[in-house]
């Protein structure tokens, strides 16, 4: 499996059969290069301009934007309900967490999660191999909340997302406060993470360069 960070909360996941899953595509106002490829499946955590831009996507792409259980030729995707704020969605609405299962790995994309999940909610995620977690605060959980949640989930790999970079002017924090709370981390030196074989160790933070 290959995971490429496109910027913000958008990743392109490619399985061993070449099938492509795109998460939270953004529009041209965000600051990163807009994705113009041909994904097979697109997951959208919520319909804000920086997470649900589908105008350039092919019509045949399967759009998933709600909780539920889905399966496409051996790829299993589960959408779990959550909220974009600490007030059960009263401020920013609902958010869908997606669990993507392909090539024997379970990838969890938390979307714009706005609160720390409860113990029952964490258990509902099941075993997580790769956790994609927002860390920039303001519109999502902040660095401290993200570190608390990441440690509770206990995934093998943690991919921070939705944080300040030179490409964007969002009033959110950079990734550094999260890294200081997590301790060890690795800069991959590329936008792409390659997954092969059994994953070992837990809570390994990996920093991808945006594509």
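Every number here is computed from the coordinates shown, using simple stated rules; none is lab data. None of these values were measured; they are calculated from a predicted model. All Cβ positions, glycine included, derive from the backbone under ideal geometry; neighbour counts span all protein chains shown.
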Worksheet item: So how far apart, in nm, are the two label points at residue 167 and residue 185 if each is 7 Å from Cα heading toward Cβ?
Response: 1.6
Worksheet, complete the sentence: Only helices counted: for the chain, with every DSSP H run of 4 or more residues adding -39500 (n - 2.57) and the sum spread over all residues, [θ] at 222 nm is -3000 deg cm²/dmol
Fill in: Shape call, segment 50-145: gyration tensor on alpha carbons, a/c limit 1.5
oblate
Practice prompt. Using per-residue counts of other Cβ atoms within 10 Å, averaged over each peptide, order 126-132, 40-46 from highest down.
Written response: 40-46, 126-132
Discussion item. Calculate the FRET efficiency for residue 124 and residue 38 from the Cβ-Cβ distance with a Förster distance of 30 Å, rounded to the nearest 0.05.
Written reply: 0.40
Discussion item. Need one word for segment 76-207: rounded, prolate or oblate. Basis is the Cα gyration tensor (sqrt eigenvalues a ≥ b ≥ c); a/c below 1.5 gives rounded, then a/b vs b/c decides.
Written reply: oblate
Worksheet item: Label point 7 Å out from residue 209 along Cα-to-Cβ: which residues of segment 1-42 have amide N under 14 Å?
Response: 5-7
Worksheet item: Distance from the Cα centre of segment 151-211 to that of segment 74-110, in angstrom?
Response: 18
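Taking the inverse of the average 1/r across all pairs of different Cα atoms in segment 56-106, what Kirkwood radius in Å do you get?
12.5
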Worksheet item: Using a simple spin-label model with points 7 Å from Cα along the Cα→Cβ vector, what separation in nm is obtained for residue 116 and residue 72?
Response: 3.5
Worksheet item: Going by how many other Cβ atoms sit within 10 Å of their own, how do 161, 182 line up, fewest first?
Response: 182, 161
Discussion item. Only counting other Cβ atoms within 10 Å, I'd like 75, 207, 141 sorted with the fewest neighbours first.
Written reply: 207, 75, 141
Fill in: Burial ranking of peptide ranges 78-87, 5-14 (average Cβ count within 10 Å, highest at the top)
5-14, 78-87
Fill in: Stretch gain in nm, segment residue 62-residue 28, where the contour uses 0.36 nm per residue and the Cα spacing is subtracted
10.1 nm
Fill in: Length added when fully stretched, residue 101-residue 87, from 0.36 nm per residue minus Cα-Cα
2.0 nm
